[in-house]
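The values are calculated or read from the model by the stated rules, or taken from the named source; none is laboratory data. Remember, predicted model here, so these are calculated numbers, not experimental data. Every residue, glycine as well, gets a Cβ built from its backbone with ideal geometry; the counts of neighbours run over all protein chains shown. Ligands, DNA and RNA are excluded from the accessible area calculation, which covers all protein heavy atoms including side chains. Shrake-Rupley method; radii C 1.70, N 1.55, O 1.52, S 1.80 Å.
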Amino acid sequence: RVGHGGTLDPMATGVLPVFVGQATRAVEFAENGEKEYIAGLRLGLVTNTQDTSGETLETHPVTVDRAALEAVLPRFTGPIAQIPPMYSAVKIGGQKLYELARKGKEIERKPRSITIHELELLEGEGTEFTLRVRCSKGTYVRTLCHDIGQALGCGGTLFSLRRTRSAGFALGQAVTLEQVQ
């Protein structure tokens, strides 16, 4: 038997705990733990997937600076409600949202309670910034980027994502699939 400690978006890299044999019993505890990400936020762009793999829906001039971005981050820290994106594996009525989205359908999604424990601006200027996000299970970092862009009035999308911690495991402890084989 094999299990994992939470899925990663297709463009994401980083820590994905894999449990084998009797260790699969620990999956339910592992996937509920905090996760940490390093995320690339691109301002001025809105896509249908909330990341740069999607189709561009809007572009806007970016008139905000680093200080304005830092000023808006506290709004997204702590317990918040987040609407899952259409391009997600969330099931509604037995169908995964991304399957409906690929057919051009959009349905109403209810906000979910998540917690952003820490949200820190690491670097960046102009339209591209790097954020560190420590969050609860169920957090969509690309939706966080989208929502930050909305709050700034210029739109935002995720351009890179690396999970640096999950289920108590850090990136420095990770091994590649090739190393396991």
Have a look at 27, 18 and point out the one that is crowded, with 18+ Cβ neighbours inside 10 Å and touching a strand residue (DSSP E or B) at 6+ places or on another chain (Cβ under 7 Å).
27
Name every residue in the range 155-175 that is of a type outside the set (D, E, K, R) and either surrounded by 21 or more Cβ atoms within 10 Å (Cβ to Cβ) or in contact with a helix residue (DSSP H, G or I) (Cβ under 9 Å, 6 or more places away or on another chain) (or both), in order of residue number.
155, 156, 157, 158, 159, 161, 164, 166, 167, 168, 169
Surrounded by fewer than 20 Cβ atoms within 10 Å (Cβ to Cβ), on the phi < 0 side of the Ramachandran plot and of a type in the set (A, V, I, L, M) - does that describe any residue in the range 139-148?
no
Could you count how many residues in the range 30-58 are open to solvent by less than 30 Å² (accessible area, probe 1.4 Å) and either out of contact with any strand residue (DSSP E or B) (no Cβ under 7 Å at 6 or more places or on another chain) or on the phi < 0 side of the Ramachandran plot (or both)?
14
Residues that are in contact with a Pro (Cβ under 8 Å, 6 or more places away or on another chain): list the strands (runs of 3 or more DSSP E) wholly contained in the range 28-147 that include at least 3 such residues.
112-125
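Listed residues 61, 85, 79, 111; which is touching a residue at least 24 places away in the same chain (Cβ under 8 Å), closer than 25 Å to residue 38 by Cα and open to solvent by less than 70 Å² (accessible area, probe 1.4 Å)? Give the derivation first.
On the way: 61 fails: open to solvent by less than 70 Å² (accessible area, probe 1.4 Å); 79 fails: open to solvent by less than 70 Å² (accessible area, probe 1.4 Å); 111 fails: open to solvent by less than 70 Å² (accessible area, probe 1.4 Å).
Answer to the selection: 85.
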Quick check on this structure: which one of 58, 31 is touching a Ser or Thr at 6+ places or on another chain (Cβ under 9 Å) and at pLDDT below 95?
31
